[in-house]
Amino acid sequence: MHPEVLQEYKLGDMVARYLINRDSMQVGFQLLPENVSQENIVTDNCFMESLIQYKLTGDIYNEAYAGGCSMRNGESVRKLKFSEQTDEFVGEQLQVNTIMMDEDGHRLIHHLVWLKNMPYVRISCTFENQSKRDCCLEMFESFSLGGLSPYMQGDGNGTLWLHRVRSVWSQEGRHEAIPVEDLQLEPAWDPHAVRCERFGQAGSMPVNRFFPFAAIEDRKNHVFWGAQIAHPASWQMEVYRKDNGLALSGGLADRELGHWMKNVEPGKNFTTPEAIVSTAHTDSFDIFTGRLTTAGLVEGFLKAPESEQDLPIVFNEYCTTWGNPSHENICEIVDAIKGKGFKYFVIDCGWYKENGIPWDIGMGDYEVSKELFPGGMEKTVQVIKDAGMVPGIWFEIENVGSASRAYHLTEHLLHKDHAVLTTYFRRFWDMQDTWVDEYLTDKVIGTLKKYGFGYMKIDYNETIGIGCDGAESPGEGLRKNMEASVSFIEKIKEEVPGIVLENCASGGHRLEPKLMSVMSMASFSDAHECEEIPIIAANLHRVIHPAQSQIWAVIRQDDSLKRIAYSISNTFLGRMCISGDVTQLAPEKWNLIEQGISFYGKIKDIIKEGQSYRYGPKIKSARHPEGWQALLRVGKNKQAYVVIHVFGGELPEVIEIELPEGIPDHIRQIYAHQEMEVSIKDRKIYYRPSENKSAVTLWLE
């Protein structure tokens with residue numbers, strides 16, 4: 001029997017459609033672009049996938065070689081039957097709950113939340129154990145979209161593509177688009193065998209290997225579907241197929257990928273992390289991902305302290321002192337930069353250093369160094385405040401270094417296999433331990449309050465791996481520990497009202513929606529002064545909002561004006577953060593930097609609210625880039641800007657960028673190190689670069 005429509009909800013330019021099979025009483029879910037004719041939907045293309053995907057231990061696995069490949073569609077799912085659906089508006093927010101039951105006393109709820117006028121929904125699922133025995137979850141995903149694409153006939157050969165975003169240290173955000181046939185995700189001659197591309201990561205650095213993101217594109221019908229997982233630990237995405245329809249689902253990494261199992265006692269429940277999900281009728285990957293990153297603006301940045309709302313500029317002394325800050329050198333830096341437009345001055349790592357101990361193995365005790373700050377930290381903080389800046393400080397709150405005294409407080413550290421969980425340089429606090437909470441409250445929150453810090457950089461420079469002891473599975477131990485970490489971050493915000501928090505994890509290893517929602521902005525990468533900075537920064541527009549993406553511009557004494565303009569232009573791709581040899585710069589170099597600061601001030605509203613478009617050839621090597629790249633960002637009030645970088649290789653004779661309809665085509669101002677040959681004619685930008693490794697930015701209105 002073909003499924004019928006159970007209920008539909010119009011959500012702005014999307015339609016949430018719930019389907020029911022009256023024979024099995026199973027329920028499926030589709031999210032569709034509102035502006036695509038519903039008459040184009042193929043109703044008999046494939047089996048209807050359940051909107052809830054979970055598995056209990058002991059239940060029968062899916063057939064057809066699924067074991068070790070996917071835990072979807074097993075006995076746990078097949079026993080579910082529709083019970084009821086409820087919906088209500090709470091303020092500006094629609095909440096739809098779809099309730100499924102089975103004969104064993106398990107109640108599962110699919111939650112959909114839509115904030116009015118937003119281009120995305122948030123989906124999660126709850127398992128309630130109403131039976132009389134303990135249950136153990138070994139897979140429970142946050143969302144599931146089936147029947148992709150509902151607009152194609154047959155198996156849609158050549159129609160479907162998977163988009164995902166890879167990430168490694170200092171090369172975050174590499175986009176890849178793959179035909180599903182290249183992943184062997186086309187059905188067999190008989191719709192029998194399971195095909196599945198399950199990917200993700202296991203550990204406490206959720207952006208290590210991949211971003212928690214995936215999208216499916218129907219290139220024939222010009223539609224995207226995709227999601228991000230809001231979770232600071234192990235996660236997974238699955239692209240699953242058995243017949244003509246493709247399914248996309250994701251959430252917590254399961255037992256097979258993330259070593260996760262969760263016991264739920266009678267009368268108890270468990271809810272998955274949220275997935276941010278959207279669809280769009282477009283050919284543009286940039287437009288689609290902009291819908292998802294809007295969640296970072298609305299539910300992250302716009303809830304940040306008021307001081308953040310005009311995207312103020314950061315000075316961070318790390319690339320000036322390289323982990324050796326002192327009262328003396330901070331005074332010199334402050335004297336060089338005061339009055340130049342900086343709002344935050346961040347004292348980075350090393351302020352706690354003991355003689356002979358490198359900063360990166362000494363953190364954890366957090367006593368202010370008497371050698372580096374002989375007059376006390378309060379004296380240095382006052383210098384920063386007297387210069388009109390908000391003082392900031394660095395902490396790595398969840399880890400301890402091998403040379404610290406805290407490293408030996410083993411009863412309060414995480415264990416794995418009954419031994420202290422140790423990497424070569426670090427161990428990890430047990431964030432659920434009451435003693436640890438009190439210790440960090442004293443050392444971290446106490447320091448913030450004592451000295452009046454208004455900004456805190458929260459770093460995180462190692463991963464726990466698959467998990468730890470203290471729960472029914474290593475993966476659950478990890479999940480609970482990271483949940484406690486988020487709770488402590490929330491405690492900081494409660495105890496120090498108005499504090500600005502920076503999310504850093506060896507640069508960009510924790511750029512996922514949950515942590516981005518509880519902090520103001522993030523360090524985009526540890527690529528401090530590399531040629532590939534603009535490549536990474538532009539890539540990240542697709543996975544985090546640029547208003548939350550803090551980008552380094554490290555200025556060296558011997559930098560040419562061309563190099564300085566290149567570095568400053570990088571920061572126009574997000575939030576400006578400057579560091580480097582600022583006490584030793586010639587006047588003409590400072591003049592170029594200050595021109596860039598002024599230019600940033602004119603485009604920051606476009607950074608805050610806009611749509612990004614990337615132009616240029618695919619950059620094959622991030623370390624040795626060749627070719628060129630342009631990032632156009634279009635804001636409100638008929639304003640836009642475009643940042644153009646030229647890398648190595650053969651110098652292009654002319655770069656042409658065709659402007660989308662409605663984009664302003666008058667150049668109001670140019671930022672570059674010298675006069676550039678650039679113009680706009682017939683809605684095209686024409687730029688004739690004169691040299692490689694250079695940049696130019698145009699403000700359009």
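Nothing in this text is a laboratory measurement; each read-out follows from the coordinates by a stated rule. Model, not experiment: these values are computed from the prediction. In this analysis, Cβ positions are derived from the backbone assuming ideal geometry, glycine residues included, and neighbour counts consider all displayed protein chains.
Ranked by the mean number of other Cβ atoms within 10 Å of their residues, highest first, the peptides 684-691, 171-178, 511-518 fall in the order 511-518, 171-178, 684-691. Near the amide H of Phe210, within less than 5 Å, lie the amide hydrogens of Ser167, all on another chain or at least 5 residues away, with H placed in the peptide plane. Taken as Cα centroids, region 634-681 and region 501-550 sit 24 Å apart, rounded to the nearest whole angstrom. For a straight C-alpha distance cut-off of 14 angstrom, the aspartates and glutamates reachable from Lys262 (same-chain residues fewer than eight places away being disregarded) are Glu128, Asp134, Glu138, Glu141, Asp254, Asp469, Glu472, Glu476.
If you take every DSSP beta bridge whose two residues both sit in the chain, what share of them, in percent to the nearest 5, is antiparallel? Rounded to the nearest five, the antiparallel share is 80 percent. The length gained by stretching the chain between Glu653 and Asn97 to full extension, at 0.36 nm per residue less their Cα-Cα distance, is 194.4 nm. Taking each DSSP H run with n ≥ 4 as -39500 (n - 2.57) and averaging over every residue of the chain yields -5500 deg cm²/dmol at 222 nm. Only Cα pairs under 8 Å and 6+ residues apart enter the sum, and on that basis the relative contact order of the chain stands at 10 percent. 3J(HN,Hα) along region 514-526: 5, 5, 5, 7, 9, 10, 6, 7, 9, 5, 6, 5, 9 Hz, from the Karplus curve 6.51 cos²θ - 1.76 cosθ + 1.60 with θ = phi - 60°, whole Hz, x for Gly and Pro. With the simple spin-label model, which puts each label point 7 Å out from Cα in the Cβ direction, the Lys636 to Asp442 separation comes to 4.9 nm. Taking a quarter of the surface of the Cα convex hull of region 308-523 gives a mean projected area of 11.6 nm².
Does region 4-299 come out rounded, prolate or oblate by the C-alpha gyration tensor, with a ≥ b ≥ c the root eigenvalues, rounded set by a/c under 1.5 and, if not, prolate when a/b is larger than b/c and oblate if not? Rounded, because the longest to shortest axis ratio a/c is under 1.5.
Backbone phi angles across region 227-234, fed through the Karplus curve with coefficients 6.51, -1.76 and 1.60 (θ = phi - 60°), yield HN-Hα couplings of 7, 10, 9, 8, 7, x, 9, 5 Hz in residue order; Gly and Pro are listed as x.
In this structure, the amide hydrogen of Tyr151, modeled 1.01 Å from its nitrogen in the peptide plane, lies closer than 5 angstrom to those of Val42, counting only residues at least 5 positions away or on a different chain.
Charges were assigned to the Cβ only: +1 to each Lys and Arg, -1 to each Asp and Glu. The resulting dipole of the chain about its Cα centre is roughly 840 debye. Taking each residue as 0.36 nm, the span from Lys450 to Lys10 lengthens on full extension beyond its C-alpha to C-alpha distance by 153.3 nm. How high is the FRET efficiency from Arg668 to Asn117, r the C-beta distance, R0 41 Å, rounded to 0.05? The value I calculate is 0.85. Just report the Cα centroid separation between region 67-114 and region 260-308, whole Å. Region 67-114 and region 260-308 have Cα centres separated by 18 Å. How would region 464-529 be classified by its alpha-carbon gyration tensor: rounded, prolate or oblate, with rounded meaning a/c under 1.5 and the a/b versus b/c comparison settling the rest? Oblate, because a/c is 1.5 or more while a/b does not exceed b/c. Applying the Karplus relation 6.51 cos²θ - 1.76 cosθ + 1.60 with θ = phi - 60° to region 444-455 yields 3J(HN,Hα) values of 8, 5, x, 5, 4, 6, 4, 9, x, 6, x, 8 Hz, where x marks Gly and Pro.
Evaluate E = 1/(1 + (r/R0)^6) for Asn263 and His192, where r is the Cβ-Cβ distance and R0 equals 45 Å; express this FRET efficiency to the nearest 0.05. In this case the efficiency is close to 0.85. When you filter the GluC sites (Glu not before Pro) in region 54-135 for DSSP loop state and at most 11 other Cβ atoms inside 10 Å of their Cβ, you are left with Glu92, Glu103. Using the alpha-carbon positions of region 1-155, Rg (one decimal) and Dmax (whole number) come out as 16.0, 48 Å. With a ≥ b ≥ c taken as the square roots of the eigenvalues of the C-alpha gyration tensor of region 170-271, please select rounded if a/c is under 1.5 and otherwise prolate if a/b is larger than b/c or oblate if it is not? In terms of gyration-tensor shape, oblate.
Taking amide H as placed 1.01 Å from N in the peptide plane, Thr282 has its amide H under 5 Å from the amide H of Val223, Phe224, each at least 5 places away in sequence or on another chain.
Both the radius of gyration and Dmax for region 496-613 are 14.5, 43 Å, in that order, over alpha-carbon atoms.
Between Ala177 and Asn591, the simple label model (points 7 Å from Cα in the Cβ direction) yields a spacing of 4.5 nm. Restricting the GluC sites (Glu not before Pro) of region 358-392 to loop positions (DSSP other than H, G, I, E, B) with no more than 15 neighbouring Cβ atoms within 10 Å leaves Glu367, Glu371. Available extension along the chain between Glu677 and Leu561 is 40.0 nm, counting 0.36 nm per residue and deducting the alpha carbon span.
Between Glu609 and Arg22, the C-beta separation translates, for a Förster distance of 41 Å, into a calculated FRET efficiency of about 0.35. The distance between label points at Val168 and Glu75 comes to 4.3 nm (points 7 Å beyond Cα on the Cα→Cβ vector).
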